[in-house]
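Worksheet: one structure, shown below.
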Amino acid sequence: MLITDHLIEKRPELLTGQLDTQSSEEVKSLKKTFMEFVYLAALLHDVGKLFCSAVINMQYRKITDIEFQTIKFHPCTGGEILSMIPQLVEFHDIAAGHHRSFDGKTGYPMEFDNTKSPKKVFIDLITICDSLDAAADMLGRNYTTAKTFEQVLAELQAGTGRRYSDVLVDFISSSGTLKEELTKLIEEDRGQVYYEGYMILDRMSGEI
């Protein structure tokens, strides 16, 4: 959402055509709608992992090759789940394509062509954010050592145009303010985010 906020303010043309918009001005006028869409896309993109949670929650060691093959089904499963719910079908491509490379040549599932998706800019955005979140996670992944924002950004830059969207990576790299805010969010505020997430789940379990 932080990156989307900056995109709308600085490069709204990159989102023109999405959510039935025809111009940069429309994108800016529908900022709240875009922010809500990205928020839901982020929450839903990994819904397929519900069916392999036992493997996902195995945080004390690296997973085996067989376990990884199981996890690789989650984009397809997530897409199928969302496609069966009319209110959520518009998020299908984001769930199905977030592990495909920007150029469509690598990643999984290969049968989904992310390069032809009308939601490609959102797929690219979620892919970058997913990578940032996973690689810089110093609290929730005991099996690996967290990287700094700058280290992950360097990896994004190394894969620009192939693994990651060149336009989005360049946008992040060229914005000093955005980089500062992302660094704070990823390296300093993660604990608060985890706490707030825990409290939401705790309340939900109490209601059930």
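Orientation-averaged projection of the chain equals 12.4 nm² [convex hull of Cα atoms, one quarter of hull surface area].
Taking label positions 7 Å along the Cα-Cβ direction at both LYS116 and GLU26, the computed distance is 2.5 nm, reported to one decimal.
Relative to the Cα centre, the charge distribution of the chain, modelled as +1 at Lys and Arg Cβ and -1 at Asp and Glu Cβ, gives a dipole magnitude of about 420 debye. For the chain, the share of accessible area belonging to carbon and sulfur comes to 56 percent (1.4 Å probe, ligands and nucleic acids excluded). The value given for segment 1-91 is a Kirkwood hydrodynamic radius of 15.2 Å, derived from the mean inverse Cα-Cα separation. Counting only lysines at least 8 places from LYS184 when in the same chain, those with an alpha carbon closer than 30 Å to its own are LYS10, LYS28, LYS31, LYS32, LYS49, LYS62, LYS119, LYS120, LYS147. For segment 94-208, what log10 I(q)/I(0) values come out of the Debye formula at q = 0.15, 0.17 1/Å, with one point per alpha carbon and no solvent? Scattering profile of segment 94-208, log10 relative to I(0): -0.76, -0.91. Placing dummy labels 7 Å off each Cα toward the beta-carbon, the span from THR183 to MET199 is 2.8 nm. With 0.36 nm allotted per residue and the present C-alpha distance subtracted, the SER173-ASP65 stretch has 35.5 nm of extension available. Using the 1.4 Å probe convention, the accessible area of the chain works out to 57 Å² per residue with neighbouring protein chains retained. The base-10 log of I(q)/I(0) for segment 74-123, evaluated at q = 0.14, 0.23, 0.27 Å⁻¹, reads -0.28, -0.74, -0.97 [Debye formula, identical scatterers on Cα atoms, solvent excluded].
The values are calculated or read from the model by the stated rules, or taken from the named source; none is laboratory data. Keep in mind the model is a prediction, meaning the values are calculated, not measured. Virtual Cβ from ideal backbone geometry, glycine too; neighbours counted across all protein chains shown. Heavy atoms of the whole protein, side chains included, go into the accessibility calculation; ligands, DNA and RNA do not. Shrake-Rupley method; radii C 1.70, N 1.55, O 1.52, S 1.80 Å.
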